[in-house]
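Below is one structure, written out as structure tokens; comments come after it.
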Amino acid sequence: MALESLNPATGELLQTFDEWSDAQIDTTLAAVHADYLAWRTTSFAERKALMLRAAAVLRQQRDLYARLMAEEMGKPVVEGRAEIEKCALVCEYYAENAEKMLAPEPIASDAGTSYVAFRPQGIVLAVMPWNFPFWQVFRFAAPALMAGNAGVLKHASNVPRCALAIEQVFVEAGFPANLFRSLMIGSAKVNRVIESPLVVATTLTGSDIAGRKVAEKSGAMLKKSVMELGGSDPFIVLEDADLDEAAAVGVKARCINSGQSCIAAKRFIVVEAVYEAFLERFRRNMAALQVGDPLDERTQVGPQAREDLMHELHAQVQASVAAGARIELGGEPLGQGAFYPPTILAGVCKGMPAYSEEFFGPVAIFIRVKDAAEALLVANDTEFGLGGSVWTRDRSRGEVLAGQIRAGAVFVNGMVKSDPRLPFGGVGISGFGRELSHYGIKEFVNIQTVWIK
């Protein structure tokens with residue numbers, strides 16, 4: 001089997017890579033483990049210096065990496081530069097804070113001395129998606145390496161060049177050559193990696209289907225896992241919301257990364273008192289988005305990452321229309337390449353695919369509700385639970401509603417986003433465990449009790 005790098009805007013085959021043999025996997029894991037044994041004894045000061053160099057490498061090569069993402073998965077180049085900057089920031093955040101986060105915690109007990117220590121564990125396998133091909137990896141790698149672990153990456157099969165570029169960032173920064181390696185394998189070989197006694201844990205960002213498979217195998221091998229899975233985030237607009245701001249942010253929150261984000265606003269749940277007024281503003285802003293070549297500085301929405309994904313999205317739209325939804329904007333593929341236009345589906349109600357499924361593309365789903373109470377019921381009427389937002393001029397009311405939304409993160413009058421300082425993750429079929437913040441760095445350490453008489 002070959003891993004193919006295809007340009008989704010043009011269909012051009014950019015490069016192919018032969019899948020590794022089992023022997024290559026085993027040899028690489030042994031080399032990573034050897035580097036881990038030395039790395040786990042390094043000081044935080046040594047790790048910090050190297051992680052800060054990784055941030056510098058990212059910034060130095062920012063334009064190159066942004067172009068690479070645009071060519072390989074269609075990300076608008078302007079957004080690609082922002083993604084690389086965010087990767088540099090997460091490297092700096094953990095470089096500066098890991099030692100404090102993992103400092104021993106004294107605990108009073110019947111011992112002369114007792115405390116909790118946080119020890120590195122070994123190789124963590126990261127199974128990562130194509131939609132944020134650098135950020136998803138660095139938000140795992142920065143804390144994992146700063147904690148004294150090693151990492152191996154099974155990246156999405158359509159972004160092999162990004163995978164190798166990420167590996168090279170750590171090499172150029174001066175990390176041990178095999179401390180972080182990209183495995184050039186397809187999904188069929190993931191189980192074999194999990195089975196290796198040298199791999200101690202797994203982390204996956206992706207669909208709930210992929211998450212179930214990796215979590216099942218990790219559980220069978222009694223290995224810790226963190227799952228950051230899909231979402232169908234509610235965007236609740238109440239009657240006292242600032243409609244202009246909510247519509248402007250809502251369009252950005254729906255169409256960032258050409259709509260291919262797990263925490264994108266997907267279900268716009270709007271009270272009937274402002275439904276038409278909000279829809280009109282939203283439609284106007286969506287229609288103004290510039291769709292086109294991801295390498296063009298003016299492009300705001302590029303192609304979907306693969307043509308098959310674009311067709312799957314369109315099939316969901318068509319099935320929802322057949323069930324009674326109404327297209328207010330867009331709704332048809334844009335010819336050559338994997339381009340899908342900014343689209344609005346209105347009149348969505350229970351029983352339609354748009355009501356219950358995740359739409360991974362620039363399709364906004366509009367649901368009309370009577371009041372805040374019904375909005376809350378609809379928001380929670382889902383198996384997903386990643387993020388959500390509430391829009392109201394009454395901050396106290398927004399905070400109360402936020403506390404009643406079943407999700408890992410809720411933003412009041414703001415777009416759901418990840419931030420190195422704040423924990424990130426979901427509930428329900430959106431996954432378990434947390435990334436980022438001090439919670440994330442503690443997911444893959446041995447939380448060890450030390451008791452001394």
| said: For the pair residue 422/residue 356, report the inter-label distance in nm, with labels modelled 7 Å from Cα in the Cβ direction. | reply: 3.1
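Per DSSP H run of n ≥ 4, the term is -39500 (n - 2.57); total these for the chain, divide by its residue number, and report the mean residue ellipticity at 222 nm rounded to 500 deg cm²/dmol. Please report the intermediate quantities before stating the final value.
Working: 15 runs with 184 residues, N = 453.
The helix contribution divided over the chain gives -12500 deg cm²/dmol.
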| query | Mind listing the phi-derived Karplus ³J(HN,Hα) values for the range 442-453, rounded to whole Hz, using 6.51, -1.76 and 1.60 with θ = phi - 60°, and x for any glycine or proline? | reply | 8, 5, 10, 10, 7, 7, 9, 7, 10, 10, 10, 5
| message | Restricting to Cα pairs below 8 Å that are 6+ residues apart, what does the relative contact order work out to for the chain? Please round to a whole percent. | response | 19
| In what sequence, largest accessible area first, do 295, 313 appear using a 1.4 Å probe? | 295, 313
| remark: Expressed in nanometres to one decimal, the distance between label points 7 Å along Cα→Cβ at residue 400 and residue 82 is 3.4
| remark: Rounded to a whole number, the Stokes-Einstein D of the range 32-110 in µm²/s (Kirkwood radius over Cα pairs; 20 °C; 1.002 mPa s) is 145
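Please give the per residue volume of the convex hull enclosing the alpha carbon atoms of the range 165-246, rounded to a whole number of Å³. Intermediate values should be presented prior to the final figure.
Working: hull volume 14.9 nm³, N = 82.
With only Cα atoms used, the range 165-246 gives 182 Å³ per residue.
Cβ neighbours within 10 Å, averaged per peptide: list 249-255, 415-421 in order, most packed at the top. Please list the in-between numbers first.
Numbers: 249-255: 23.6, 415-421: 18.1.
Packing proxy ranking, top to bottom: 249-255, 415-421.
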| field | Proximal aspartates and glutamates to residue 86, defined as alpha-carbon separation beneath 13 angstrom and excluding residues fewer than eight positions away on the same chain | value | 419
| query | So what does log10 I(q)/I(0) come out to for the range 226-325 at q = 0.12, 0.25 Å⁻¹, using the Debye formula with one equal point on every Cα and no solvent? | reply | -0.47, -1.39
| query | If r is the Cβ-Cβ distance from residue 438 to residue 49 and R0 is 22 Å, what FRET efficiency results, to the nearest 0.05? | reply | 0.55
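Scale the Cα Rg of the chain by the rule-of-thumb value 2.2 N^0.38 Å and send over the ratio, two decimals.
Values: Rg = 22.5 Å, N = 453, 2.2 N^0.38 = 22.5 Å.
Cα Rg divided by the expected 2.2 N^0.38 Å: 1.00.
Students sometimes get this wrong: rank 118, 138 by accessible area, probe 1.4 Å, all chains present, largest first.
Working: 118 25, 138 0 Å².
The residues order as 118, 138, largest area first.
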| note | Zone reached by a paramagnetic label modelled 7 Å from residue 168 Cα along Cα→Cβ, restricted to the range 72-108 with backbone N below 15 Å, covers 72
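From the Cα gyration tensor of the range 103-253, with a ≥ b ≥ c the square roots of its eigenvalues, which class applies: rounded if a/c is under 1.5, or else prolate if a/b is larger than b/c, or else oblate?
Details: a/c = 1.77, a/b = 1.25, b/c = 1.41.
Oblate.
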| said: For the range 138-191, place one equal point scatterer on every Cα, skip the solvent, and apply the Debye formula. What is log10 of I(q)/I(0) at q = 0.13, 0.17, 0.22, 0.30 Å⁻¹? | reply: -0.31, -0.52, -0.84, -1.26
| message | If a paramagnetic tag sat 7 Å from the Cα of residue 244 along the Cα-Cβ line, which residues of the range 392-430 would have the backbone N under 20 Å from that point? | response | 392-395, 413-415
| said: Angle check, please: helix 307-322 long axis (alpha carbons) against the longest principal axis of the chain (alpha carbons), in degrees 0 to 90, nearest 10. | reply: 40
| request: Rounded to the nearest Å, what's the spacing between the alpha carbon centres of the range 108-146 and the range 388-428? Just the number, please. | output: 25
| request: Can you tell me how much longer the chain between residue 334 and residue 63 gets when fully stretched, taken as 0.36 nm per residue apart minus their C-alpha distance, in nm with one decimal? | output: 94.8 nm
| field | Whole-Å distance, taken between Cα centres, linking the range 212-279 and the range 432-446 | value | 22
| query | Taking the Cα atoms only, what angle lies between the long axis of helix 22-39 and the longest principal axis of the chain, rounded to 10 degrees? | reply | 70
| said: Relative contact order of the range 158-276, please, whole-number percent, based on alpha carbon pairs below 8 angstrom and at least 6 residues apart. | reply: 19
| message | As I understand it, the value is the acute angle between the Cα axis of helix 160-173 and the longest principal axis of the Cα atoms of the chain; what does it come to in degrees, rounded to 10? | response | 50
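So, R0 is 25 Å and r is the distance between the beta-carbons of residue 188 and residue 15; what FRET efficiency does that work out to, to 0.05?
Numbers: r = 21 Å, r/R0 = 0.84.
Efficiency for this residue pair is about 0.75.
The values are calculated or read from the model by the stated rules, or taken from the named source; none is laboratory data. Computed from a predicted structure; not experimentally measured. Using ideal geometry, Cβ is built from the backbone for each residue, glycine included, and neighbour counts are taken over all protein chains shown. SASA here: full protein model, heavy atoms, side chains in, ligands and nucleic acids out. Shrake-Rupley method; radii C 1.70, N 1.55, O 1.52, S 1.80 Å.
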